[in-house]
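Enquirer: After the structure tokens below, expect a handful of questions from me.
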Amino acid sequence: MKSVARLGATATAIVAVAVALALLIGGNAPERAYPGLPDPGLGTGWAYPVVHGLNDLLAVLTVGLLLAAAFLLPHTKGSLGVVAIKCVVTASVTAGLWAVVALTQGILALSYSFGAPIARVLDPTVVSSFFSQTNEGKALLIQFFGALILALSCWTITRAQAATTALIGALLVVIPPALTGHSGASDRHEVAISSLMLHIAGISLWVGGLCALVLIAAWDKSALRPAISRYSTLALWTYVVVVGSGLANAWIRISAVSDLWTTGYGRLLLIKTGCAIALGWLGWYHRKRTIPALDQQGTPTAFIRFATIEAVIMVATIGVGVGLSQTAPPVNDAIDLTKASAARLVLGFELPPPPTALSVLVQQVRPDALWIFVALLLGALYLLGIRTLAAQGDTWPIGRTISWVAGWLIILWSTSGGIATYSHVLFSAHMVQHMLLSTVAPIFLVLGAPASLALRALPTGSNGAGVRELLVSVLNSRFIHFVSNPIVAAIIFVSSFFGLYFTPLFPALMASHLGHTIMQVHFVLAGYLFFWTLIGIDPGPKRAPYPIRILVLLVPMSIHAFFNIAILQSNEILAQGYFASIQRTYLTDLLADQRVGAGIGWALGELPLLMVMITLTLQWSRSDDRDAKRSDRQADRAERGDGGPDELGDYNAYLAKLADRDAKN
Ligand code: HEM
């Protein structure tokens, strides 16, 4: 534990100094306020950003340690090794500290936003209303409880799957603060929030992973070899994500290139870009020098030296990032609450003009960085897979590629195109988005057979633990076995209709960008799972026979029709408060618009389900033909005495035996 404490103390000092320097360079160093003006005091002025930096550091370390245990270090048949166990136990400690720091940051944020010293704001009512009613308070409270759960559970982990679950949990707990601050208040929150979420998630994996390797080097150098090669692949992808999302977020904050040197915010951006370039070079140097040296000489010395330098720069850049988030950007697109229209207050953007074919199809585009990133990443990985197959002299059916690309194009238009903009304003447009994301795009994605491509293109991992093995273990996991049962998948698929629209969940999720993203992710995943169990090409748990699948499809088809009829006939307006608060100047009859939505939902939902029914029937008839041809071939081979099973012959023999028995009775 001593090495952890030493490295932890060093990292804390680096973050604190980097935050302080960033505030000075950004021109936002705390100062005494003029008498009579609200003043949290210099203590809070410096402590608040430094503790914010510590929060980010502990979040990154917890994610990094769980990443090492779940993925970087080899495990035996799913059981964690000694070093991996050390990682999860240490993650419990960093998560515990993270929980305390998140709460402390909350108190400091309260003092900071109230403009009063801590002693004066520590009133239980004030504290509880801060944590329950302000975005920053809510985000930090979620982090506090999330980190606490991790602290109480991580030390008990002994299996890679549990470590993977904890890793996903930790990544989700890192995100909430990205929804506050500059990005949360931004007019272009689709880009601001999504890019910052990606930025922070990418940093957590990239910086966290490297810090974990530096720690593992202190514990057991021999465990480094397998972990480094896996980290190296991840590091390249996360580097691209961090730089890309950072640039996307910076792009909406500056109005002119000159802002980069004429404003404090711009200067900090330049420093961060410089750090990112240095880190990119170090990553290249590892690939060219230190990792090959480890292979040839077996000594990780060079790797550890450069990795430590890299970790210092990364931790310092986190500090600069926090300084940046505390510095006013040149483009202050935060909404002026006193002047903003009702629509702008609710939507975060001005009411779009009345919908026309042109405005819905092409004009009212609001790019959603998260979906654009996911589509580009999974599109690039898919094409990389095809290229790998081609290099092996293998081909991949073009139909599948077209289907995969078509699926993502539908998702991109549904989440960034005009329909996405109007889905915030009109129930009818929201229903079009829902149907495209849950019943249309997933059919195309499923027919793209991504898992089959991955399994054919990915190399077998050394020590039997690589990306391919991870994919196989996920596809064979108990969780996938359970959810890929067509009945379970159908329940998940239809439950989103009733579970979302006929509960307070719908208005709650409609009211925030994150809410919309959660709905959209659920629609795509629930649709993908449902159609995978019915017409999926990819390998997975044993498929139900065709008659069962057709039956399972019939049930959601009728439930879906019933759901839309229920809305069509209902006089109750769903999410009335939300839609009324927009005060839109067109299609003002909310019930009429809702009925249009139900009608569209019915048509747009039933059609793809019908297409799937036809596909299933075709697949069934083809599989029968295939079976018939296969047993004919076997019978021919048996007849020619070429060996191999003669199912038809065996079957006839069995029938003859039955006939004999019956004749005797
Ligand atoms: C080209 C490189 C990069 C650019 C353009 C960039 C830009 C940004 C921007 C615009 C923000 C949002 C600040 C705000 O809220 O106004 C941000 C946040 C942040 N960046 Fe970067 N970044 C880059 C690289 C990095 C790297 C390499 C790291 C760390 C290793 C990093 C760490 C952070 C952190 C920790 C935050 C969030 C701070 C917080 O709110 O908690 N960034 N970055």
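Enquirer: Under the condition of being in contact with an Asp or Glu (Cβ under 8 Å, 6 or more places away or on another chain) and in contact (Cβ under 8 Å) with a residue 60 or more places away in the chain, which residue from segment 254-280 is nearest to the ligand (Cβ to nearest atom)?
Expert: Restricting to residues being in contact with an Asp or Glu (Cβ under 8 Å, 6 or more places away or on another chain) and in contact (Cβ under 8 Å) with a residue 60 or more places away in the chain, the top hit is Tyr265.
Enquirer: Also, I was wondering about something else. Are there any pairs, at least 6 apart or on different chains, whose C-beta atoms fall under 9 Å, with the first in segment 10-34 and modelled with pLDDT under 95 and the second open to solvent by 30 Å² or more (accessible area, probe 1.4 Å) and acidic (Asp, Glu), and if so, which?
Expert: Pairs found: Arg32/Asp39; Ala33/Asp39.
Enquirer: Would you mind finding the one in Leu587, Leu610, Leu616 that is modelled with pLDDT of 65 or more and open to solvent by less than 50 Å² (accessible area, probe 1.4 Å)?
Expert: Leu616
Enquirer: Inspect all residues belonging to segment 408-427 and state whether any of them is in a helix (DSSP H, G or I), open to solvent by 10 Å² or more (accessible area, probe 1.4 Å) and more than 30 Å from Leu247 (Cβ to Cβ).
Expert: No, that holds for no residue.
Enquirer: Kindly indicate which of Ser153, Ser132 is open to solvent by 60 Å² or more (accessible area, probe 1.4 Å), in a helix (DSSP H, G or I) and either out of contact with any strand residue (DSSP E or B) (no Cβ under 9 Å at 6 or more places or on another chain) or under 27 Å from Ala5 (Cβ atoms) (or both).
Expert: Ser132
Enquirer: Now for a separate question. Any residue at all in segment 640-653 that is at pLDDT 70 or above, assigned to a helix (DSSP H, G or I) and crowded, with 16+ Cβ neighbours inside 10 Å?
Expert: For segment 640-653, residues at pLDDT 70 or above, assigned to a helix (DSSP H, G or I) and crowded, with 16+ Cβ neighbours inside 10 Å: absent.
Enquirer: Do we have Arg287 as in contact with a helix residue (DSSP H, G or I) (Cβ under 6 Å, 6 or more places away or on another chain), more than 12 Å from the ligand (Cβ to nearest atom) and either of a type in the set (Lys, Arg) or free of Cβ contacts under 8 Å to residues at least 12 places away in the same chain (or both) here?
Expert: No; evaluated as a whole, the condition is false for this residue.
Enquirer: Taking the criterion of being farther than 25 Å from Ala84 by Cβ and either buried (at least 23 other Cβ atoms within 10 Å of the Cβ) or within 12 Å of the ligand (Cβ to nearest atom) (or both), would at least one residue in segment 232-240 satisfy it?
Expert: Yes - at least one qualifying residue is present in segment 232-240.
Enquirer: In this structure, is Ser229 near the ligand (Cβ under 10 Å from one of its atoms), at pLDDT below 90, in a helix (DSSP H, G or I) and hydroxyl-bearing (Ser, Thr, Tyr)?
Expert: When the stated conditions are applied, Ser229 does not pass them.
Enquirer: Going by the structure shown, is Ile518 assigned by TED's automatic domain parsing to the domain that holds Asn564 and either touching a residue at least 60 places away in the same chain (Cβ under 8 Å) or of a type in the set (D, E, K, R) (or both)?
Expert: When the stated conditions are applied, Ile518 does not pass them.
Enquirer: Within segment 35-44, can one find any residue that is in contact with a helix residue (DSSP H, G or I) (Cβ under 6 Å, 6 or more places away or on another chain), part of a helix (DSSP H, G or I) and either open to solvent by 50 Å² or more (accessible area, probe 1.4 Å) or farther than 25 Å from Leu167 by Cβ (or both)?
Expert: Yes.
Enquirer: Please go through (1) under 30 Å from Gly8 (Cα atoms); (2) near the ligand (Cβ under 10 Å from one of its atoms) for Pro329 and return the number of the only condition it doesn't satisfy.
Expert: (1)
Enquirer: Are there any pairs, at least 6 apart or on different chains, whose C-beta atoms fall under 9 Å, with the first in segment 472-494 and assigned to a helix (DSSP H, G or I) and the second open to solvent by 30 Å² or more (accessible area, probe 1.4 Å) and among the aromatic types (Phe, Trp, Tyr), and if so, which?
Expert: Going by the 9 Å Cβ cut-off, the qualifying pairs are Val488/Phe482.
Enquirer: Now, a different point. Kindly list the number of the only condition in (1) outside the structural domain of Gln433 (by TED's automatic domain parsing); (2) closer than 30 Å to Gly418 by Cα that fails for Leu370.
Expert: (1)
The values are calculated or read from the model by the stated rules, or taken from the named source; none is laboratory data. The structure presented is a predicted model; accordingly, all values stated were derived computationally and were not measured. Note that we place each Cβ from the backbone using ideal geometry, even for glycine, and neighbour counts take in every protein chain shown. Each accessible area value is taken on the protein alone, full model and side chains, heavy atoms only, with ligands, DNA and RNA left out. Shrake-Rupley method; radii C 1.70, N 1.55, O 1.52, S 1.80 Å.
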